[in-house]
1. Can you give the Kirkwood hydrodynamic radius of region 65-111 from its Cα pairs, in Å with one decimal?
2. Of the accessible area of region 24-100, with the probe set at 1.4 angstrom, what percent is carbon plus sulfur?
3. What does the extension gain come out to for ALA28 and LEU134, with contour length at 0.36 nm per residue minus their alpha carbon separation?
4. Rule-of-thumb check for region 1-98: C-alpha Rg over 2.2 N^0.38 Å?
5. Calculate, for region 1-95, the solvent-accessible area per residue in square angstrom, rolling a 1.4 angstrom probe over the heavy atoms of the protein chains.
6. Sort all Cα-Cα distances of region 46-125 into consecutive 5 angstrom bins from zero, then give the percent of pairs in each bin up to the one containing the longest distance.
7. Give the whole-number value, in cubic angstrom per residue, of the convex hull volume spanned by the C-alpha atoms of region 35-87.
8. Looking at region 61-143, which GluC sites (Glu not before Pro) are in a loop (DSSP not H, G, I, E or B) and have at most 16 other Cβ atoms within 10 Å?
Amino acid sequence: MIPLQTVIDDDHRLRCGLSGYLSAVSAAVGVGVESCTVDLDDPVSAYVALDVRLRRRPGRDTALVWDERYGWSFAMETHSGEDLLVLAYFGDEVVPDPVAVRRFVAGVRCADTVPAPVPPEAGGDRGELVARLLRYRLDNSSAGVLILRWAG
């Protein structure tokens, strides 16, 4: 049996860390937090709408998608409203530095072709993930207020 307080604390720490991380990543890729959504279901995931179009698909919106198992992927919207088409995965690092995510977006955007996406090995321990995300935790006393839309 897990004490309820432990579950609440863990969920709060995850939410705080992920909010700060998404704020940093969205700033690095040139969009505001209003472009971000988070889903705390299992697995925890996030979506960042990008202001980027691909030369090879200029009529399609693009996005970054993150989840706790695979980290970041670069995806393209479909016209039919189906699931996003994943074009590339960042790699094995689930919580990479936001500047590295910006370079990833630039690399996919500039590539004429992208090899078939292969998901990286699934991430590991939730506690380690939360610890890495908490490095980006926003100070609650800061002047700005971060508002992310929570899916679900």
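1. On the way: mean 1/r = 0.0886 Å⁻¹.
For region 65-111, the Kirkwood estimate is 11.3 Å.
2. Details: 1600 of 3530 Å².
Ligands and nucleic acids excluded, carbon and sulfur give 45 percent.
3. Details: separation 106, 0.36 × 106 = 38.16 nm, distance 1.78 nm.
Gain on extension, ALA28 to LEU134, equals 36.4 nm.
4. On the way: Rg = 15.0 Å, N = 98, 2.2 N^0.38 = 12.6 Å.
Cα Rg divided by the expected 2.2 N^0.38 Å: 1.19.
5. On the way: 4840 Å² over 95 residues.
Dividing the accessible area of region 1-95 by its residue count gives 51 Å².
6. Spelled out per bin, shortest first, that is 3, 15, 28, 27, 17, 8, 2, 0.
7. Working: hull volume 4.2 nm³, N = 53.
Spread over its residues, the Cα hull of region 35-87 gives 78 Å³ apiece.
8. Working: sites: GLU68, GLU77, GLU82, GLU93, GLU121, GLU128; in loops: GLU68, GLU77, GLU82, GLU93, GLU121.
For GluC sites (Glu not before Pro) across region 61-143 that sit outside H, G, I, E and B with at most 16 neighbouring Cβ atoms in 10 Å, the list reads GLU82, GLU93, GLU121.
The values are calculated or read from the model by the stated rules, or taken from the named source; none is laboratory data. This one's a predicted model, so the numbers in the text were calculated from it and none came from an experiment. Virtual Cβ from ideal backbone geometry, glycine too; neighbours counted across all protein chains shown. Protein only, heavy atoms only, side chains kept; ligands, DNA and RNA dropped before computing areas. Shrake-Rupley method; radii C 1.70, N 1.55, O 1.52, S 1.80 Å.
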